[in-house]
Structures are given as structure tokens and as C-alpha cells.
Amino acid sequence: MRLYARLFRLEFKKNLRVVPFVAVGAVLSVFFIGLLVMLASKSMYQSEHLARAEVALVTNDAETDYMKQAIRYISNMSSTSLSLDFKVMSEENAMRALKQHEVIAVMLFPDDVINGILYGRNDPITVYFSEDDSLSAVFLSELTWSGARMLSAAQAGTYSAAELYTTLGAEAELGKAYNDIDILNFNYVLSRENLYITEETLPVFMTYIASAVILLLFFSTAAFAPALKKENTSFYDVLFSGKAYSCLYLLTRFLANWLVSALLLLLVYLPLARFADPPFDIQLRLIPECFADLFLICAVTAAFALFLHTLTGSAPVAILLQLLCSVLMLFASGGILPPAFLPSGLRALGQHLPTAILSEQLLLLLQGSRDILLLPLLGWIVLFFAAACITFLIRKGAKRL
Amino acid sequence: MHDTERTTEIIQVSGLDYSYRKNHVLDHLQFTLPLGESIAILGANGSGKSTLLSILAGARRCPGAVMEYQGHDLLKETKLRSSIIGYVPQSDPLMPDMSVRDNLLLWYHGKRSDFAAALSAPSMQMLQLDGFLKKKVNTLSGGMRKRVSLATALINAPQILIMDEPAAALDLCYKAEMREYLRQFHKEGHTLILTTHDEEDLSIISVLYLLRGGQLQKQDRVLRGDELLREIRQ
């Protein structure tokens, strides 16, 4: 045991020494992941970036209950809430802002538009887009389609109520009741849509945050390569001429790398959990389960890195493989493109990859959940570590475990 | 030639057979290693010298081989073997990013509290490492690194030192220095087993073996010059 304790001490020291490089690796990773997101958004939406933009609303009914609710509705839709802000303006100001690219679109609402729709007049809404901005076109087409759907539902409700009043012989009351019926219909439609949106928006954004964190972990832990690179053959000759066992030696390497990377992550997590006010309902909690999450997540990345370094026997090749594998696995597990876009075979495989498990665990962590995916995470840790041991023994040509 | 009369014990090696795929480098070797001697194993490149030393040191498995010492098989009894044999491979068995002290402590078998005493043993003092203990190995010269490698073996005060090409890649001064350490180690009554390509190293040798065609042949004296070359080329 004395030998392993000393090996662990040296391995721990080696890992501590590369922490500054890991920090630089993390900064570079943030840069590259940001670049990746930008390029992805460009290719997916033909837009330069996914920054928030403004849309001008020109209406004379801004203060009416209908219009207030309609604006609240379109502002909360899943696509628009991520990227668009709506601002009521005069027509003159709106058109000037569009020309100066201060807004990406202007929507001109005819007077009393909501009532017009509810009562079957269907006055058209005119939309002016800024040039070459197909991203806004995508979002606004969703907006107009959803708006029409919502209003048609309210319109149907109003007509149904009117028919019911007529059938019951209460036409006299109908005139007074119209306003109440409209507001009630509108509110019910809105509350259902809002409920749907709230459930949908959070996981989408959380998923991308989890993917970014996974990439960050894999990319920055690649900087542990100087500590994980194999020793020279003579070192192993002397080590294994004594009482050392290959798997226990690898265990010291794994434990040292795991502990240092977990402590490093903890150093980032603790102040964030204590002082930061994260967006999108992220809850970073200071509870034992969250710490266990962090340690388990780091154990998977440490075991994976150990396996790759043992497999390749070369630090540069291991780094390259680590970066490549992490991106490919993340892609296959739906962390870059939604799984719905992937071929069914790849989707089925991706669900079982370590990146999928890590992503799920990170989502739980970000939501402040106490749940831990213990078995799948332990499974991958054991699998990677066992693969590292087998590879090491094969490379060494030895037969003892 | 050193005094050979002090030899009282031997290590009996038998059944040592080793191949690299179709290359049969060690062919059922059977030989004795007289303790207290300084033994050199010479042979052409690729003749299997390093393989032989690594098997004797326990770094390479060789099923069927026996290394008998006082009724014990040293190849099977790891604890006994590592307590009496120190091994220095051809390149340095060191962690380059760590200090000399860290490296020595790693290979030291004893308790940490006894480490200071081990460092002050005569064989360690001879290596004059006191001023370098805190230095990182990768900041040392090749000669100094070799000295540290030797120290990793001597720190456990072994009776037998197995060293693969002690003077490889060293300049003339360091070669002379290394030879002096080994001479001193042998003078203290220990056994030295080494391989070399440097004829100068034979000045500290008392028993010479030649490894040719997978066979180890003991020479009745330490050959030198053309005579040695002829024997190696045969």
C-alpha cells in the first residue's frame, strides 16, 4: 500500500501542476464553444447570431385588454421569447427604426384588429421585415401563424357562446355578454398556451447549457494530458519488477485526476451557487446530492481521459481523440442538434452514450434536483476504467492483474 | 581482476527461454551468478542482453525460468527479490516533472520516517545528491539523471545491482564518475551485474559472460581488445 500511496501523491501533485493549463483550456473551450454555437446558429438560421432583437408594433389599441394580452402572448412564445422583444411605437418612429436596423420588423395593426378577428372581419396585419434577416422571418412567421391559431380559437369560442345564447332564447342578454365572453375566451386560450410554453422553453435552453458544460468539461480536461501521459518504459520496468499491480497503478492515476478535476469544478461551482443569480430558472444548490453529481460527472470524464491516454500512449493523439469523441458523442446523443433531426439508429445509440447520461445528470443538477443517475454513471466509469486496465495490460504484455 | 575467493554463494538460473515472435533471443539458458562478483554480460546489439537483465530483475515475465537463491525462487518471490536486487534500466526510471527527492521516495521501500537515514547511507552519500534533492529531474543533466537513477536502486541498499548499460549516452567525465560509483559499490562486497558496449567498463569487472546466438558463455578471464571483438563477432 505504501507504494500506491506514494504513487497517488505524485500523481496528485502532477495533476495539481497542470491546473493553470486546465484553466487556460477552459477559457479557450468557452471561446471555441461560443464560436461553434455562433456557426451553428448561422448555418441553421442563416443569421449572424442569436442575439435579441426588437420588433416594432404599431397600433392604436395598445391600451385595450385584448391587445395587452395579445402582446403578452406573442412575447411568451418559445421562439420569440428567446430572441425578440416587442415594443409599441408610432408608425413614423417604427419605420425610421426599421430603416436604421434598430428593429428587425414592423407590424402594423389595423384599428380594433382583435375585435375584427373575433367578429369575422379578419382585417390583415401588415408586416415589414428588414432586409436579409431570414431568422426574423422564421420567428415572425411562427408568430403570425400562432397568433392566428389562438385568435381563431377565441373566435370559435365567441361564436359558440352566441349560438348557445340564441338556442336558449337569451338573445337579449347577448349584447351585454359579448364583452365578458370575449375576455373569458381570450384568457382561457392564453392560459393554456402559456402553460405549454413554460413547460417547453426551459428544457430546451437547459439542454444547450448542459451540452456546453459537457463540451467544456471534455475540452478543458484535455489539458490534463501532461499529467496523464504515460511514463517511460524504464519507469514501468522498475515499477513492475516490484510488487506493483497494473490496475492498482492505474487506479492511483484515475483517483488523482478525478479528485483534482472535481475540486477544480467545485471551485467554480461553489461561488456560482452561493453568489450568482443564474438565468432561466437554473438552481445551483449547495446540497450533498449536487456535490455528488459533480464528483460523479468528473469521474466519468477522468475515466474516459485515462482510457484514451492508455489506448493511444501518446498525449497529442489522446487529446485529439478526446475532443473528437466528445463532440461526436454529444452530437449522437442529441446535445448539438435535437434528437428528432437524427437518424433513428443513431438516436437509439446516442441515448446510451456517456454524453447522454452526463447531459441528463447535468440537467438535474441545473434544476437543483436531488436525483442522481448513479447506476448509468457508475457503469460508464467502471467500463472506461476496465477498458483502460485491459488496454494497459495488452500494451505492457503482462498477465497479472 | 578482483579477488574471487570471497565468493561463497551463488544464484542458480535455469530454464530461461525467451522469444520475440520468431526471434529466439534466449535459448534455455542455465548459468550461475557468483555473489560478490562484478559480472558483465557482453554481446552484439539485439543479442538479448537487456531482455536477460530485465528477466533477472523481474521486470519481464519468463514462464518456466527459475532463479534460485538460498532455496528460494527469486522470480516467484517478489518481496524477497525486490529486497535484495536493485535494477537500473538503460533509460532513467524517473518521473521527469517531479523532484529528485520525490523520485527517490517513490522507489524507497521503507517508511517515510526512515527515508532521511536511507539518504545518509554511505552508498547514497557517495552519489552526492544532497544539493539536488529539491530539483526537478527534467532540469538535470543526463549524467545527473543517471546518478539519480542509480540512487533509486541504491536507496534500498540492495545486495545485487543489475544495471543495463551504465555509461550509455554519458560524456567521458560522467562515464568515469559512474564507473567509480560502481567500483565503490562492488568494493563494499555487493554483487554487480551489468551489460555494456564500453570496453572501459570492463576495468571494474571480475566475471565476463558473452551472449551469442541465444547462449550465454562464461569466459575464463575478462577479454579485452581485438580478442574480445573476435569473440563477440563469432
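Looking at segment B:162-194, which trypsin sites (Lys or Arg not before Pro) are DSSP coil and have at most 12 other C-beta atoms within 10 Å of their C-beta? Answer by residue number: there is no such site. One decimal place: the segment B:Gln234-B:Gln12 gains 77.3 nm when fully extended, by the rule 0.36 nm per residue minus the C-alpha distance. Starting from the Cα of A:Lys14, draw a straight line to each of the lysines and keep only those under 26 Å, dropping any in the same chain fewer than 8 residues away. Correct list for A:Lys14: A:Lys229, A:Lys230, A:Lys243, A:Lys396, B:Lys111, B:Lys134, B:Lys135, B:Lys136, B:Lys146.
How much length, in nm to one decimal, is gained on full extension between A:Glu231 and A:Asp111, taken as 0.36 nm per residue of separation minus their Cα-Cα distance? Working shown, then result.
Working: separation 120, 0.36 × 120 = 43.20 nm, distance 7.83 nm.
So the extension gain works out to 35.4 nm.
Sorted from greatest to least, the principal axis extents spanned by the alpha carbons of segment B:69-170 come out as 44, 34, 23 Å.
Computing FRET efficiency as 1/(1 + (r/R0)^6) for A:Asn60 and A:Ala156, where r is the C-beta to C-beta distance and R0 is 22 Å, gives about 0.25. Summing +1 for each Lys or Arg and -1 for each Asp or Glu, what net charge is found among the other residues whose Cβ lies under 14 Å from the Cβ of A:Leu228? Net of charged neighbours comes to +3.
With a Förster radius of 51 Å, plug the Cβ-Cβ distance of B:Lys22 and A:Glu289 into 1/(1 + (r/R0)^6) and report the FRET value to the nearest 0.05. The calculated FRET efficiency here is 0.30. Helix-only arithmetic for chain B: the sum of -39500 (n - 2.57) across DSSP H runs with n ≥ 4, divided by the residue total, places the mean residue ellipticity at 222 nm at -8500 deg cm²/dmol.
Counting only the Cα atoms, segment B:10-233 fills a convex hull of 124 Å³ per residue. The modelled label-to-label distance between A:Arg370 and A:Val268, using points 7 Å beyond Cα along the C-beta direction, is 2.8 nm.
When you restrict to C-alpha pairs under 8 Å that are six or more residues apart and normalise by the size of segment B:10-233, the relative contact order lands at 29 percent. In a reduced charge model with +1 at each Lys and Arg Cβ and -1 at each Asp and Glu Cβ, segment B:151-234 shows a dipole moment near 300 debye about its Cα centre. Across all directions, the average projected area of the convex hull around the alpha carbons of segment A:248-401 is 10.5 nm². The trypsin sites (Lys or Arg not before Pro) of segment B:54-133 that meet both conditions, a loop assignment by DSSP and at most 12 other Cβ atoms within 10 Å of the site Cβ, are B:Lys76, B:Lys111.
I need the GluC sites (Glu not before Pro) found in segment B:1-80, filtered to DSSP loop residues with at most 13 other beta carbons within 10 Å of theirs. Filter output for segment B:1-80: B:Glu5, B:Glu9. Can you tell me the FRET efficiency between A:Leu346 and A:Val30 if r is taken as the Cβ-Cβ distance and R0 is 22 Å, rounded to the nearest 0.05? The pair A:Leu346/A:Val30 has a calculated efficiency of 0.20.
Coordinate-derived values only; no laboratory data. Please read these numbers as outputs of a predicted model, since none were measured by experiment. Positions of Cβ are backbone-derived with ideal geometry, glycine not excepted, and every protein chain shown enters the neighbour counts.
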